[in-house]
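The values are calculated or read from the model by the stated rules, or taken from the named source; none is laboratory data. All values derive from a computational prediction rather than experimental measurement. All Cβ positions, even for glycine, are placed from backbone atoms using ideal geometry, and neighbour counts span all protein chains on display.
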Amino acid sequence: MKVVAVGTGQAIDSARRGDADVLFVHDPVAEEKFVADGFAARRYPVMYNDFVVVGPKADPAGARGKDIVVALQKIAAANAPFISRGDKSGTHAAELRYWNQAGLAAAKGGGYKECGCGMGPALNIGASSNGYVLADRGGTGSASRTAATWRCWSKATPASSTSTA
């Protein structure tokens, strides 16, 4: 067995090509489409993950709180730096859903930037630019090592990680 750690989008693309037999991913919408399109027989929830916004300790956008949608609205209104993974991962898909729920799918503020990178680099860019990042709670371990971050915990229903066979 060979384990390949990539974002959800890459994992699903690999499996569509026949290059993967089992997926552990966390974008239920994409997973259900993958099964409906006939690329897998079924999907099994095996664990869950939820999301947080991390940002500068000083919180210049005033985004700290318990509601990610409200946090994104404040970040956009302040044109504060926001670093998006922009990589078709499950976290990126969740981020886009949160922006949509905030009514800001087309207007994310002047500080919005996509890095096209994984969670670690996105957190590093966010920390070095005094910016905000949406992260999965499991992926924020490196955030605790950056100088000044805080977390905005989601009230939203956690995304389930699933195995697709």
| request: Return yes when Leu134 is in a helix (DSSP H, G or I) and either within 29 Å of Ala5 (Cβ to Cβ) or within 14 Å of the chain's Cα centre (by Cα) (or both) and no when it is not. | output: no
| Just wondering, is there one or more residues in region 113-131 that are surrounded by 22 or more Cβ atoms within 10 Å (Cβ to Cβ) and either among the acidic types (Asp, Glu) or farther than 22 Å from Val6 by Cβ (or both)? | yes
| Filter pass, Asp21 being over 19 Å from the mean Cα position of the chain (by Cα), surrounded by fewer than 21 Cβ atoms within 10 Å (Cβ to Cβ) and acidic (Asp, Glu) | yes
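Conditions tested, residue by residue: (1) assigned by TED's automatic domain parsing to the domain that holds Ala127; (2) modelled with pLDDT of 90 or more.
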{"position": "Arg43", "(1), (2)": "no, no"}
{"position": "Val54", "(1), (2)": "yes, yes"}
{"position": "Lys66", "(1), (2)": "yes, no"}
{"position": "Gln73", "(1), (2)": "yes, yes"}
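Any idea how many residues of region 27-58 are under 14 Å from Asp136 (Cβ atoms) and either surrounded by fewer than 21 Cβ atoms within 10 Å (Cβ to Cβ) or in contact with a Phe, Trp or Tyr (Cβ under 8 Å, 6 or more places away or on another chain) (or both)?
Residues of region 27-58 that are under 14 Å from Asp136 (Cβ atoms), as a first pass: 27-28, 47-54.
Next, from what is left, pick out any that are either surrounded by fewer than 21 Cβ atoms within 10 Å (Cβ to Cβ) or in contact with a Phe, Trp or Tyr (Cβ under 8 Å, 6 or more places away or on another chain) (or both): 28, 47-54.
Selection size over region 27-58: 9.
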| When the residues of region 1-41 are filtered to those that are of a type in the set (Phe, Trp, Tyr) and at pLDDT 90 or above, which remaining residue is farthest from His92 (Cα to Cα)? | Phe39
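Could you list, in sequence order, the residues of region 16-53 that are of a type in the set (A, V, I, L, M, F, W, C) and part of a helix (DSSP H, G or I)? Reasoning before the result, please.
Residues of region 16-53 of a type in the set (A, V, I, L, M, F, W, C): 20, 22-25, 29-30, 34-36, 39-41, 46-47, 51-53.
Those that are of a type in the set (A, V, I, L, M, F, W, C) and part of a helix (DSSP H, G or I): Val29, Ala30, Phe34, Val35, Ala36.
Looking only at region 96-104, decide whether some residue is closer than 20 Å to Gly7 by Cα and in contact with a Leu (Cβ under 8 Å, 6 or more places away or on another chain). Quick ask: steps written out before the conclusion?
Kept after step one, since they are closer than 20 Å to Gly7 by Cα, are these residues of region 96-104: 96-99.
With the extra rule that they be in contact with a Leu (Cβ under 8 Å, 6 or more places away or on another chain), the set shrinks to 98-99.
Looking through region 96-104, at least one residue is closer than 20 Å to Gly7 by Cα and in contact with a Leu (Cβ under 8 Å, 6 or more places away or on another chain).
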| request: Sort through Ala80, Ala148, Ala105 and tell me the only one that's among the aliphatic types (A, V, I, L, M) and modelled with pLDDT of 95 or more. | output: Ala80
| message | Under 9 Å between Cβ atoms, which residue pairs at least 6 apart in sequence (or on different chains) link something in region 41-67 that is basic (Lys, Arg) with a partner that is part of a loop (DSSP other than H, G, I, E, B) and modelled with pLDDT under 85? | response | Arg42/Ala165; Arg43/Ala165; Lys57/Ala147; Lys57/Ala148; Lys66/Ser154; Lys66/Lys155
